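Scroll down for the structure; my scribbles are underneath it.
The values are calculated or read from the model by the stated rules, or taken from the named source; none is laboratory data. All of these numbers come straight from a predicted model, not from anything done at the bench. Glycine also receives a Cβ, built like all others from the backbone with ideal geometry; neighbour counts cover every protein chain displayed. Only protein heavy atoms, including side chains, enter the accessible area calculation; ligands, DNA and RNA are left aside. Shrake-Rupley method; radii C 1.70, N 1.55, O 1.52, S 1.80 Å.
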Amino acid sequence: METVWLTGAEWLAVLRIGLGLWWLESWRHKDKKGWFERGTGIAWAADVAGKHKWPLVKTGFETVVQPRPKVMAYIVVYAELALGLGLVVGFLTPIALVGGLLLNLLYLVLMIHDWAEQGQNAMMALISFVALFAMSWQTWSLDSAIGLF
């Protein structure tokens, strides 16, 4: 594969790192006090799920998330941090890519009516898919340095 400036593997690493920075920005801009102390993030998601056009989304939310809002707030917020860090440094990269892909698909389903949100989640899911199947952890990653994967 011929490319300008970097090799194909290095461009894939750039893509992986950029995705990680995107997750870190998602984590950074969250109002953690609101999410953890006031429950704003889960309350917002509950409102979205309650009005969702697919009954399965409302039922799933009421079954999995609503009974444990504080735990789920921590899971969502710190999953975004872990995904970002894992992708930027390339540690447990395939796991981070699969986790990010699943989280983006979950966000995509929850926000099916919001086209602005859909674009971001669709692009992040696409990048995760490409980075996963192109094995983007082969260059500039801790995984590569220590011989994982």
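Can you name every residue in region 43-99 that is touching a His at 6+ places or on another chain (Cβ under 9 Å) and either surrounded by 17 or more Cβ atoms within 10 Å (Cβ to Cβ) or in a helix (DSSP H, G or I) (or both)?
Initially, region 43-99 is screened for residues touching a His at 6+ places or on another chain (Cβ under 9 Å), giving 48, 51-53, 58, 61.
Passing the criteria: VAL48, HIS52, LYS58, PHE61.
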Q.
Under 7 Å between Cβ atoms, which residue pairs at least 6 apart in sequence (or on different chains) link something in region 121-149 that is in contact (Cβ under 8 Å) with a residue 60 or more places away in the chain with a partner that is part of a loop (DSSP other than H, G, I, E, B)?
A. TRP137/GLY90; TRP137/PHE149; TRP140/GLY90; SER141/GLY90
Q. List, please: which pairs have Cβ atoms under 6 Å, are six or more places apart or on different chains, and start with a residue in region 13-36 that is closer than 25 Å to LEU132 by Cβ and open to solvent by 30 Å² or more (accessible area, probe 1.4 Å) and end with one that is among the charged types (D, E, K, R) and not in a loop (DSSP other than H, G, I, E, B)?
A. TRP27/GLU80
(Q) Just to verify a result, which residue in region 110-120, among those that are touching a helix residue (DSSP H, G or I) at 6+ places or on another chain (Cβ under 8 Å) and crowded, with 16+ Cβ neighbours inside 10 Å, is modelled with the lowest pLDDT? (A) MET111
(Q) Against the definition (hydroxyl-bearing (Ser, Thr, Tyr) and modelled with pLDDT of 95 or more), how does TYR107 come out, yes or no? (A) no
